[in-house]
Every structure is written in structure tokens, then in C-alpha cells.
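Written below as C-alpha cells is the structure these notes are about.
The values are calculated or read from the model by the stated rules, or taken from the named source; none is laboratory data. None of the values given here were measured: they were computed from a predicted structure. Heads up, the Cβs are rebuilt from the backbone with ideal geometry, glycines too, and the neighbour counts pull from every protein chain shown. Heads up: the accessible areas ignore ligands, DNA and RNA and are worked out on the full protein's heavy atoms, side chains in. Shrake-Rupley method; radii C 1.70, N 1.55, O 1.52, S 1.80 Å.
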Amino acid sequence: MTEYDNIMLPSLREKEHEIATLPDDLMDQLKMVMQSSQQFQEMMMMYKCAIREVRTKAEVLNDEMSVRYHRNPISSITSRVKKPESITQKLLKKGLPFTVEAIMTNLSDVAGVRIICEFIDDIYTIAAMLAMQDDLKLIQIKDYIKYPKDNGYRSYHMIVEIPVFFSKGKTPMRVEIQIRTIAMDFWASLDHELKYKKDINPEDEEMIAAELLSCAERIAETDMIMQQIRMKLDAVEQHKKSTEIIIDE
Ligand code: 0O2
């Protein structure tokens, strides 16, 4: 038995593999117990540190490219540690015990970093540059841009393991990196909102889902066109530079 087993509510102990959702009051109790546990606090601190490491890596790449190519491929970076209630739901869904060990071994998205790029090409450039770094271990890639989800969701997901140096030594920590364009992010935030609207009636939900899917397709087309414009502008710039060199010579 791990220390963390102590934070599991006795009423949940027998049922943990059977239930997929919890009544709100039980969820609140579990959340409070989790948050007051020292081990849980420590784990969340470790995930926050891992997020900082990944954010720094992305910021460094963006700074370098802005000096080298005079443009920022990353338009913004956001991050979050998963909320205790979302961690609980995921553990329940996967039939896992409420332990720090189970969380750290089985959940890869407790720490999340979202990198928002201007253009589709930038997504793959940043992803490749991150994957190349030898202190970062690539665990999994889900390319929902090449293979969008049925609902229209598009984004590039990487699960990475990054070493974080604490007082007791080095700990490899998992972080989920989501990389997407501004347009994809705009779509995903509206889709996310729909997921949490519980009072919506089924016909409306179906209609909104169909509209969202059609928006996702139009957004994908727009992203492609914006990418082509970017490439044309780059080609003009390149041509200008090469003629300047010839004139100088
Ligand atoms: P939140 O609130 O963002 O944390 P897994 O068990 O993790 O391997 P999962 O969760 O299906 O399996 O992995 P996947 O498909 O890589 O999705 C992980 C995250 O991507 C989700 O986290 C969302 O943030 C985002 N995502 C995936 N599909 C969709 C979608 O259809 N719409 C939107 N808006 N976001 C999506 P969480 O834990 O679901 O949520």
C-alpha cells in the first residue's frame, strides 16, 4: 500500500473499478482530500516544474527564429496542470486506483502545454525542433491535423518525457504538448465549451455538432490558403534578396 492510498475515500475503495462517474458531492470530497494531501501537492509541483521546462524550450526556439528569420512562428503559449476533478474522472474511466503512483505511471496529460502557431508549417517545424532535442524523450505523437477526428478536431499532440532536476535528483516527467494554429484553437475552444454544456437538448446538440464540423472544414481550408500566401510572400522575399546580392556583386 502506498502512502497515497490513505487519501482514498473508504466508500470509493470498493467501487473504484465499477463507477465511471461520481455524484457531485463525492467528487467535491475527493477533490478536497486530494488537494490537502502532501504527496498530491508535491506531484502537482513537479508537473508545474516540467511545464516550465517545456515552455522555456518553446520560447527559446521562438526567440531564435525571430532573430534569424524575422518572424515568430509561435503566436502564444498556454499551459495548465489538470484539475483534480479531471484527474479523478480519468482514473475512474481507466479503472485505476486513486494513487500518485497510478497518476504518474498512467496519465500522460496531467501537465499540458499548448503552443499556438500562425501557420500549419510552423506546427511541424516546432514539433520537429522539439523532438530533436536530446534531453527530451518522445513517447507518442497523435497527428490530428493529417488525420482529423470525426468531429473536425485538428491539432498536433506530442507526449514527451522531460528530466526535471529536484533536490533528490533527476525525475523524468511526462508532458502533453498540443500544437495548433490560431484558427484550430479558436474552433477547439468552442467545441470544448459545447462538451460542458449539460443543459443543451439532443437535437440542438446534433445540429451544433454538424455546424462545428462544417466550420472545422472551412477553417482547415483557410489555414491552407493562409499557408500558401505565406509561401508566396517568402518566395518574393527570397527573390528580392537574391537580386540584391547580384546587384551588390
Ligand atoms: P482537457 O480538459 O483539455 O484536459 P488518453 O487517455 O489521454 O491517451 P485521450 O484523452 O483521448 O486519450 O487523448 P487525446 O485524443 O490525445 O486528447 C487529449 C486532449 O486533446 C484532450 O484532453 C483535449 O484537450 C484535446 N482534445 C482531444 N479531442 C478533442 C476534441 O474533440 N475537441 C476538443 N476541443 N479538444 C480535444 P482532455 O483530457 O479531454 O481535456
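General remarks:
- If the condition is being in contact with a strand residue (DSSP E or B) (Cβ under 7 Å, 6 or more places away or on another chain) and more than 8 Å from the ligand (Cβ to nearest atom), then region 79-113 contributes SER79, VAL81, VAL110, ALA111, VAL113.
- Taken over region 89-125, the criterion of being farther than 24 Å from TRP187 by Cα, of a type outside the set (Val, Ile, Thr) and buried (at least 20 other Cβ atoms within 10 Å of the Cβ) is satisfied by LEU92, PHE98.
- Qualifying residues in region 73-88 (those that are at pLDDT below 95 and charged (D, E, K, R)) - the one surrounded by the most Cβ atoms within 10 Å (Cβ to Cβ): GLU85
- For region 99-216, the strands (runs of 3 or more DSSP E) that sit wholly inside it and include 2 or more residues that are farther than 30 Å from ARG230 by Cα are 137-143, 156-166, 169-181.
- Scan of region 191-249 for residues that are of a type in the set (Lys, Arg) and without any contact (Cβ under 8 Å) to a residue 24 or more places away in the chain, ordered by number: LYS195, LYS197, LYS198, ARG218, LYS232, LYS240, LYS241
- Taken as a whole, the condition of being open to solvent by less than 90 Å² (accessible area, probe 1.4 Å) and either at pLDDT below 95 or more than 21 Å from the chain's Cα centre (by Cα) (or both) applies to ILE200.
- Being within 11 Å of the ligand (Cβ to nearest atom), surrounded by fewer than 19 Cβ atoms within 10 Å (Cβ to Cβ) and not charged (D, E, K, R) holds for only one residue in GLN133, GLN178, GLN140, and it is GLN140.
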